[in-house]
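What follows is a short report on a single structure.
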Amino acid sequence: MASKINPHFSEELKKYGSVNFNACYNCGNCTAVCSLSTPEASFPREMVRLSALGLEEELKQSLKPWECYYCGECTTQCPQTANPGELMMSLRRWLTAKYDWTGLSGLLYRSLSLTITALLLVAAGVFFFARSTGFDAATLLHWGHLFEMMAIATVFLVIFVPNLLRMWYFSIVKNGVKAPLKSYITALSELFVQMFTQKRAKDCDEEDNFRWLEHLVLVFAYLSLLFTTVFLNWFGTENLFIILLGYLESFLVFVITIHFVSGRIKRNKALNKFSQPSDWLFVIWLLLMGLTAFMVRLFIDLQLLETNIWIHLIHLTVLAQWALIIVPFGKWTHFLYRSFGLYFARIKAMQES
Ligand code: SF4
Ligand code: SF4
């Protein structure tokens with residue numbers, strides 16, 4: 001069957017951040033420097049060509065954008081400033097929008113004003129809810145904790161499960177891959193290793209182990225802070241070990257994200273040169289999550305929370321915006337799709353070998 005060409009694809013991709021990939025004259029420098037390139041897979045040139053041709057279906061079925069961790073080497077070496085590394089990033093945003101059955105990811109990626117409106121609406125919702133409780137600290141702590149549990153379950157079941165099924169359908173079923181159940185089970189180790197160690201980042205940027213380590217610590221600090229607040233009830237516990245653990249986790253989240261934000265401000269590396277609003281939102285909200293969670297627990301320990309409920313209100317607002325916008329529809333999803341992308345790629349490779 002002939003491939004369908006979307007003549008407006010480059011216009012569409014511009015809305016996701018990539019503006020100059022049509023300048024590519026196919027010299028192959030990017031493929032020569034990319035550590036993911038193999039004789040069978042020309043990273044990232046194949047994606048540049050498919051994008052330039054508007055072969056949308058092929059791109060939708062591809063898992064390659066998820067293999068790139070954006071070292072930026074290809075962008076640095078491109079004589080045409082076609083920014084192939086940024087193209088890979090934009091394709092990840094575009095794929096995220098394609099996987100999302102609600103269509104909200106695409107809308108928010110494409111429109112900053114809509115994103116700001118959504119953030120303001122959530123903030124207003126938190127404020128009016130808090131007002132309805134009379135700004136009572138104990139009631140807000142109770143509902144904040146309940147909200148976290150409900151948000152995790154709902155986002156997982158209503159957004160992530162169907163979206164991951166769509167990703168599987170595009171990349172496995174539509175690609176004609178017929179994998180037995182045994183392959184899915186055997187490849188599970190790849191899913192968990194990639195999810196919890198981000199091992200692929202080391203293959204992508206072999207020289208920058210610090211970046212990989214920093215990323216790894218952040219993932220662990222964030223996930224364990226989530227566990228500590230939701231399942232160990234950090235704000236409600238009197239267990240000293242859990243209290244100290246939460247302080248350490250939130251401190252790590254805060255410090256590492258400060259480093260990420262300063263890198264984006266200084267634009268000191270190729271990967272920091274083309275930040276989109278979704279990139280800024282992600283790191284800034286993560287930073288605010290670490291900082292405000294730390295402050296709330298500190299105010300509890302100093303017995304200042306009752307008279308300074310504003311700090312908890314700020315934390316609840318950041319938390320609600322994070323849980324309702326950034327996690328289900330923003331850059332947070334890259335963490336999930338990347339792990340599953342590498343898992344599905346492994347299953348595909350098992351059938352081809
Ligand atoms: S280095 Fe630039 S011009 Fe050369 S193939 Fe890659 S994207 Fe195209
Ligand atoms: S950003 Fe790095 S890993 Fe990604 S395509 Fe470019 S050179 Fe390869």
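Here, each number is a calculation from the coordinates, and none is a lab measurement. On a predicted model such as this, the values are computed, not experimentally measured, just so you know. Note that we place each Cβ from the backbone using ideal geometry, even for glycine, and neighbour counts take in every protein chain shown.
Results, tabulated for the structure shown:
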quantity: Ranking of 116, 242 by count of other Cβ atoms within 10 Å, fewest first; calculated: 116, 242
quantity: Relative contact order for segment 77-161, counting Cα pairs under 8 Å that sit 6 or more residues apart, in percent; calculated: 15
quantity: Top of 119, 108, 244 by mean-square fluctuation, Gaussian network on the chain, Cα under 10 Å; calculated: 244
quantity: Loop sites in segment 171-278: GluC sites (Glu not before Pro), DSSP, at most 12 other Cβ within 10 Å; calculated: 206, 207, 238
quantity: Between segment 244-297 and segment 310-343, the Cα center-to-center distance that results, in Å; calculated: 13
quantity: Residues 168, 280, 66, 322, sorted so that the one with the fewest Cβ neighbours within 10 Å comes first; calculated: 280, 168, 322, 66
quantity: Inter-probe distance in nm under a simple model that places probes 7 Å from Cα toward Cβ, at residue 137 and residue 182; calculated: 6.1
quantity: Space enclosed by the convex hull of the alpha-carbon atoms of the chain, per residue, Å³; calculated: 142
quantity: Unsatisfied cross-links (Cα-Cα over 29 Å) in the set 273/348; 178/199; 60/182; 182/331; 4/202; calculated: 273/348; 182/331; 4/202
quantity: Residue of 62, 105, 132 that the Gaussian network model of the chain assigns the largest fluctuation, springs spanning Cα pairs under 10 Å; calculated: 132
quantity: Residues 264, 200, sorted so that the one with the fewest Cβ neighbours within 10 Å comes first; calculated: 264, 200
quantity: Positive-end extreme of charge dipole, segment 9-99 - chosen from 9, 61, 39 (charges on Cβ); calculated: 9
quantity: Environment charge at residue 278 (Cβ cut-off 14 Å; Lys +1, Arg +1, Asp -1, Glu -1); calculated: +3
quantity: Kyte-Doolittle mean at least 1.0 and Cα axial length at least 27 Å: DSSP H helices in the chain; calculated: 112-132, 209-230, 240-266, 277-301
